[in-house]
Amino acid sequence: MFDSTHAHITTWAVALILFVVVLVLQKSGKQKGAKITQMILRVFYLLIIATGVLLFSKHQGYNPALYGIKFLGGIIVIGMMEMILVRTAKEKNTGVFWAVFIAALAVTFFLGLKLPLGWNMLL
Ligand code: HEM
């Protein structure tokens with residue numbers, strides 16, 4: 001858990017899939033299914049943060065600035081997923097939230113790959 005990124009990767013990969021599933025259910029009018037799936041997605045938010053914090057607490061000393069941005073980026077990605085889903089359900093505008101989501105996801109993903117654990121294809 002502290003040295004391997006597998007658990008962390010599993011949690012955000014599942015969360016991204018569930019995020020798409022909730023959007024599809026919302027768009028096809030299946031509001032009940034969307035709500036239940038969104039509850040499961042919220043559990044995965046907590047698991048992403050828990051596994052991220054475990055990695056962060058042990059390894060951030062290597063480069064606190066980059067690890068800090070990674071942490072913040074991950075939290076913003078989660079915040080944007082939640083905002084997009086809540087606003088889509090209320091049929092409100094989500095354009096800005098999509099833009100921030102995509103930018104934060106790109107930064108978080110890039111930093112995750114750049115930091116020393118796990119995959120290191122960008123070093
Ligand atoms: C949906 C949000 C997130 C995505 C898409 C994401 C993505 C990634 C990726 C791609 C990696 C690299 C895995 C590897 O190289 O094996 C990683 C590692 C990591 N993530 Fe996240 N992450 C997210 C949220 C978070 C959060 C919220 C935190 C902090 C609480 C966090 C902390 C970390 C840490 C500390 C590492 C290890 C970096 C290293 O030393 O290589 N992540 N993440």
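The values are calculated or read from the model by the stated rules, or taken from the named source; none is laboratory data. Model, not experiment: these values are computed from the prediction. Neighbour counts run over all protein chains shown; Cβ positions are idealised from the backbone, glycine included. Accessible surface is based on the protein model in full, side chains and every heavy atom, while ligands, DNA and RNA are left aside. Shrake-Rupley method; radii C 1.70, N 1.55, O 1.52, S 1.80 Å.
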* Among TYR67, TYR45, which is the only one that is of a type in the set (Ser, Thr, Tyr), within 7 Å of the ligand (Cβ to nearest atom) and under 21 Å from SER4 (Cα atoms)? -> TYR67
* Asked: Among all residue pairs at least 6 apart or on different chains, which show Cβ distances below 9 Å where the first residue, located in the stretch 95-122, is more than 27 Å from LEU23 (Cα to Cα) and the second is charged (D, E, K, R) and not in a helix (DSSP H, G or I)?
  -> LEU117/ASP3
* Failed criterion for ILE84 (all others in (1) away from the ligand (no atom under 11 Å from the Cβ); (2) touching a Ser or Thr at 6+ places or on another chain (Cβ under 9 Å); (3) open to solvent by 60 Å² or more (accessible area, probe 1.4 Å) hold) -> (3)
* Asked: What's the number of the condition THR10 fails, among (1) open to solvent by 60 Å² or more (accessible area, probe 1.4 Å); (2) over 15 Å from the mean Cα position of the chain (by Cα); (3) not hydrophobic (A, V, I, L, M, F, W, C)?
  -> (2)
* For the stretch 13-32, does any single residue satisfy the condition of being of a type in the set (Ser, Thr, Tyr) and open to solvent by less than 50 Å² (accessible area, probe 1.4 Å)? -> no
